[in-house]
Amino acid sequence: MENEFFFNYDTMPDPMDRVDGKMKVTGAAKYASEHPVEDVHYGVLVGSTIARGVIKNIDTKAAERAPGVIGVLTYLNSPKVPGYDAGGNPVKGRTTGQPLRVFYDEVIYFNGQPIALVVADTFERAVHAASLVRTQYDAEKHSTDINANLDKAVYPRGRSNDYTRGNADAYKTAPVKIEAEYIVPVEVHLPMELHSIIAKWDAEDKVTVYDKTQGVKSTQRSIMQAFKLPEQNVQVYAPFVGGGFGSALRTWPHEIAALLGAKKTGKPVKLVLGRDQMFTMVGYRPYTIQKFGIGATADGKIIGMSHEAISQTSTYEEFTEGTVNMTRFLYDVPNVFTRYKIIPLDVSTPTWMRGPGEATGSFALESAIDELAYALNMDPLELRLKNYAETDPEKNRPFSSKFLKDAYQLGADKIGWYKRNRQPRSMQENGWLAGYGMSTGTFSASRGNASASARLSADGKLVIQSAVADSGPGTATVMTQIASETVGWPANKITFELGDSSLPPGPTQGGSTTTSTEGSAVHAVSVALQKKLGELAIKASPGFSNAKTEDLVFDNGKVILSTNKTTTVSFTDILKHNSLNQVEVTSDSKSLNDQKYSMYSFSVHFVKVLVNPLTGVVKVNRAVSVADAGRIVNEKTAASQIIGGVTGGIGMALMEEGILDNRYGRWINNNFADYHVPVSADVPDIDSLFVNKPDPIINPMGAKGMGEIALIGFAAAVTNAVYHATGKRIRSLPVTLDKLI
Amino acid sequence: MITFDYIKPSANKAAIDAIMKNQNAMFIAGGTNLVDLMKRGITTPEKLVDINNLPLKGVNKSNNILSIGALTLNSEVAEHETVVKQFPLLSMALKAGASPQIRNMATVGGNMMQRTRCPYFYDTSMPCNKRAPGTGCGALHGYNRMHAIFGMSEQCIAVHPSDMCVALVALDAVVTVSGPKGERKIPFASFHRLPGDHPEKDNTLEKGELITSVEIKENNFSKHAYYLKVRDRASYAFALVSVAAALDIQNNIIHDARLAMGGVAHKPWRLKAAENILKGKPATEASFRLAAQMAMQGAKAFEYNAFKLKLAPNSIIEALTLASKA
Ligand SMILES: Cc1cc2nc3c(=O)[nH]c(=O)nc-3n(C[C@H](O)[C@H](O)[C@H](O)COP(=O)(O)OP(=O)(O)OC[C@H]3O[C@@H](n4cnc5c(N)ncnc54)[C@H](O)[C@@H]3O)c2cc1C
């Protein structure tokens, strides 16, 4: 089995520059709303201003009469969405319930819910007309405050998900124990590119969309299901995606709204959400309260852990994530209990945000570990090593690969972990308190189904195609590299085409699986192309006529006969000998369902912070993040993942917090001036390190995922460092300065 | 669409006349604040009088007086050699504001006239007495983390967001305005006002009055000055609390002092009593603590901004310490 996974790491080229870097920095790259579409009109959504109730009256007359307006849609006049009436779930996903049906009826589920769409000939006219829509409501009492509704916490789908290994209460009887509550507030994805779509009906039953999506095939499927259309009648393009962090993983009401607007008016409709609408229409990381208990022997052997999470969801869907999962396997602990509950509130549905679940869960787990280490008077790294899980204690099986110890070592050395004074509040620099902290992160690694095609032309151009999206990690670059390496063909003659639903099906870009899943398909099609070229060489190339396929060797763009090494032919000559302009192959790569191994990526974060003793201002002064993500295909794009993850981690730790005024159920800081993300001045030099040892099981490249682990755990490293600096334990994110003075 | 007229006169009088002729006409300078407010439907002028052609640009010093034209860009003032050397407090405050891009558009007059950043002022579906008099104050019992601890009323607890103005009030600047009745000078401390029963009025400028320049007298504070801005991230965020501190120290004794705070009131908050306490005292932490204590008299907090009662005095101590060491 392993042999099938031949991939020559040693000849991997130096980190390649991004194939689309120049297009991105020069503006040549076209994002969803930038595609030129003739006669395009502009859609602007009107949001509700109450959080719960019904629309009593919606007056669109003034909007309809406003200059340039060609249509105003509400639940009263919108075209029907056949998939809605079927009562099913036209936008499938792991989220269960009834996704919000836009313009379906008068019911209001959250403040900011889209209730009308204005379509006009210019954006400005549409914005103005949208401001003229007048709505009267029968408002009902709403609840948006998770803390005021703790009694309403339920198990998702009404079924217990409690996990118990050994004795759930074991930690309570341990000689040293910690019990604490940790809070992660709402965080909003806020990619730079606003969610956008251009929807154009080519015929009554045929539609083309340019969309911001992390999955062209999943968006295609959603539209097919919503409008009951066959696959070939739904064309989705997303050649460039300006970030997502998970917000573009599912199809949202605004996308259906644009399709309805285009249907109703007969014109292509471009719809770009406002920044404020990014807070209500495309998900967010849910507010989560976590209770953690942990106990150990005096010498640091953890006896038991208990991790309970309560998170929020909407009233119409149950969003769940793996908040408590890593507690079950990250450390070798005999007694573990986890529980996960949700509270439905009058808010929009949350969704996966970078490091979904684990980013939240790791804050509790990795803070509690740190608290325990101080209670034991033990180095936090030593405590982690003492309870290191060599095999997966949850599933009782080996890891496909785990080099977390190497990662700990690399990071500790780089930041000078052992040179610090371990005593809290013992270090100072220029009048600021200094502190060091660390944490661990993990996220599942996997391989799903994907297909790709490869087309080699007589002029030597090789085009690889697959319907995958690239929301920024550098997918096209990495796939070009994998194809180049596997086929033995120069990267500058290869183009990787993506972001088009008519291409062979590729995965949705989420959960750190693209390199593994898509890379496996590219690897498979590269091998298939070689095989095909070998067959063609035998068919028509001089000296190969009696060769057997097993005698063929592929090297550097040539086929070589292993029985007579002087007999060689270049790939392009093979095409000539066969009088072919091009040769094309398509391959499927199947998902890996190996029950023998547990597959995870791991990360380690070390940070140094400075805290002003008077003002409480916290500066992350150094960050060292180490990834055990298998073989690193491209150290440049991988380092960019870490830089992005650490930057997001600084945001999560120190400043990001969506604030709702519960009196209205309305966001208070729904703009980039008030919702703070780190600016350059908040981000220190980041050391990105890689263990860079291949995983022998997961895929031919030996590459696990990078995206999530770059963020997971980071916030705890910061709060742990803040504790070391100040002696103050902050258990509620973000660590704004008011919590430290 | 909400249409509006636009003119760009090149004489002060023409600009002032244009404003006097239309109840809903407004000056526009860099546009970094006004255009945002127009886009959100918070301010809806019928006529914009673009003042960028008026002769109000430049920084000059003569007879011990620094004069800054109202149209001088925030970035130009911040980098001006005389300002950097002789009025470093002003330079520091300007550099702490907004972002380089915004400072390259923003003018001194516009900065003084910028409106509050209270979220209830910005969301037209929420109550706000400043935006829509009589609708109530959304912040009073709402999310008021950024809000005032001094000088507020039941009607309004918003703060003035400017950094530059905190330095200017500390430096006893004087505002020159030109209006239909001619020219007048307004001491900086009287330019902005407290909300009282009329929070819709941010300042004491009368209809048609145009800010033409701001003047600062030469002083002995250039050696020991510091503008401390405490905020939620290192740049591009409004102050939770800011402190303009300037000391005239001779033989380690504070001969004279200037102290003002931002982010704490409806106007830049001058701390005269605290200044007086410092005079004649040694430049030590003990003196700074006394001043901080004095500065906080009469402070009052709300649900989410109670931390300012501690952050403000701590910031004063930090700013005075940094100024004394500067
Ligand atoms: C994202 C963002 C962040 C910011 N952060 C900060 C910050 O941290 N600190 C800070 O201090 N500021 C900050 N600002 C505000 C910025 O300083 C102001 O927007 C700017 O100074 C306004 O100047 P302007 O010339 O663009 O004014 P305009 O927008 O043109 O005008 C503003 C107002 O001033 C009036 N006006 C202009 N000139 C005159 C004049 N000569 N006489 C009479 N009236 C006049 C106009 O009629 C209008 O009402 C920020 C702004 C933004 C957009």
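Tabulated values for the structure
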{"read-out": "Elements of type strands (runs of 3 or more DSSP E) in the range A:441-551, at least 3 residues being buried (at least 20 other Cβ atoms within 10 Å of the Cβ)", "value": "A:450-457, A:462-465"}
{"read-out": "Conditions (1) in contact (Cβ under 8 Å) with a residue 12 or more places away in the chain; (2) at negative phi; (3) surrounded by fewer than 16 Cβ atoms within 10 Å (Cβ to Cβ); (4) within 14 Å of chain A (Cβ to nearest Cβ); number of the one not met by residue B:96", "value": "(3)"}
{"read-out": "Residue ranges of strands (runs of 3 or more DSSP E) in the range A:574-640 with at least 1 members crowded, with 22+ Cβ neighbours inside 10 Å and hydrophobic (A, V, I, L, M, F, W, C)", "value": "A:600-611, A:618-628"}
{"read-out": "Selection within the range B:293-324 - at the interface with chain A (Cβ under 10 Å from one of its Cβ atoms), without any contact (Cβ under 8 Å) to a residue 40 or more places away in the chain and in a helix (DSSP H, G or I)", "value": "B:310, B:313, B:314, B:317, B:321"}
{"read-out": "Matching residues, the range A:673-691, being in a loop (DSSP other than H, G, I, E, B), within 8 Å of another protein chain (Cβ to nearest Cβ) and in contact with a Ser or Thr (Cβ under 6 Å, 6 or more places away or on another chain)", "value": "A:678, A:679"}
{"read-out": "Of all residues making up the range B:161-185, the number that are within 13 Å of the ligand (Cβ to nearest atom) and touching a Leu at 6+ places or on another chain (Cβ under 8 Å)", "value": "7"}
{"read-out": "Where residue A:729 falls short, out of the listed (1) within 14 Å of chain B (Cβ to nearest Cβ); (2) surrounded by fewer than 22 Cβ atoms within 10 Å (Cβ to Cβ); (3) in a loop (DSSP other than H, G, I, E, B)", "value": "(1)"}
{"read-out": "Residues that are facing chain B (nearest Cβ under 7 Å) and within 14 Å of the ligand (Cβ to nearest atom), drawn from the range A:662-672", "value": "A:669"}
{"read-out": "Number of the condition not met by residue B:276 [criteria: (1) assigned to a strand (DSSP E or B); (2) without any contact (Cβ under 8 Å) to a residue 24 or more places away in the chain]", "value": "(1)"}
{"read-out": "Strands (runs of 3 or more DSSP E) completely within the range B:1-89 that count 2 or more residues being touching a residue at least 12 places away in the same chain (Cβ under 8 Å), on the phi < 0 side of the Ramachandran plot and away from the ligand (no atom under 11 Å from the Cβ)", "value": "B:5-7, B:59-62, B:65-69"}
{"read-out": "Count of the range B:123-157 residues which are surrounded by fewer than 17 Cβ atoms within 10 Å (Cβ to Cβ) and within 10 Å of another protein chain (Cβ to nearest Cβ)", "value": "3"}
{"read-out": "Test: residue in the range B:77-96 that is touching a Ser or Thr at 6+ places or on another chain (Cβ under 7 Å) and either outside the structural domain of residue B:176 (by TED's automatic domain parsing) or basic (Lys, Arg) (or both)", "value": "yes"}
{"read-out": "Residue within the range A:644-657 that is in a strand (DSSP E or B), of a type in the set (A, V, I, L, M) and within 10 Å of another protein chain (Cβ to nearest Cβ) present", "value": "no"}
{"read-out": "Residue in the range B:110-120 that is part of a helix (DSSP H, G or I), of a type outside the set (Val, Ile, Thr), away from the ligand (no atom under 12 Å from the Cβ) and within 28 Å of residue B:201 (Cα to Cα) present", "value": "yes"}
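Residues checked against (1) within 16 Å of the ligand (Cβ to nearest atom); (2) of a type outside the set (Val, Ile, Thr); (3) assigned by TED's automatic domain parsing to the domain that holds residue B:312; (4) modelled with pLDDT of 95 or more:
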site: B:229; (1), (2), (3), (4): yes, yes, yes, yes
site: B:235; (1), (2), (3), (4): yes, yes, yes, yes
site: B:243; (1), (2), (3), (4): yes, no, yes, yes
site: B:246; (1), (2), (3), (4): no, yes, yes, yes
site: B:249; (1), (2), (3), (4): no, no, yes, yes
site: B:258; (1), (2), (3), (4): no, yes, yes, yes
site: B:261; (1), (2), (3), (4): yes, yes, yes, yes
site: B:267; (1), (2), (3), (4): yes, yes, yes, yes
site: B:283; (1), (2), (3), (4): no, yes, yes, yes
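The values are calculated or read from the model by the stated rules, or taken from the named source; none is laboratory data. Remember, predicted model here, so these are calculated numbers, not experimental data. Cβ sites come from the backbone with ideal geometry, for glycine too, and all protein chains shown count toward neighbours.
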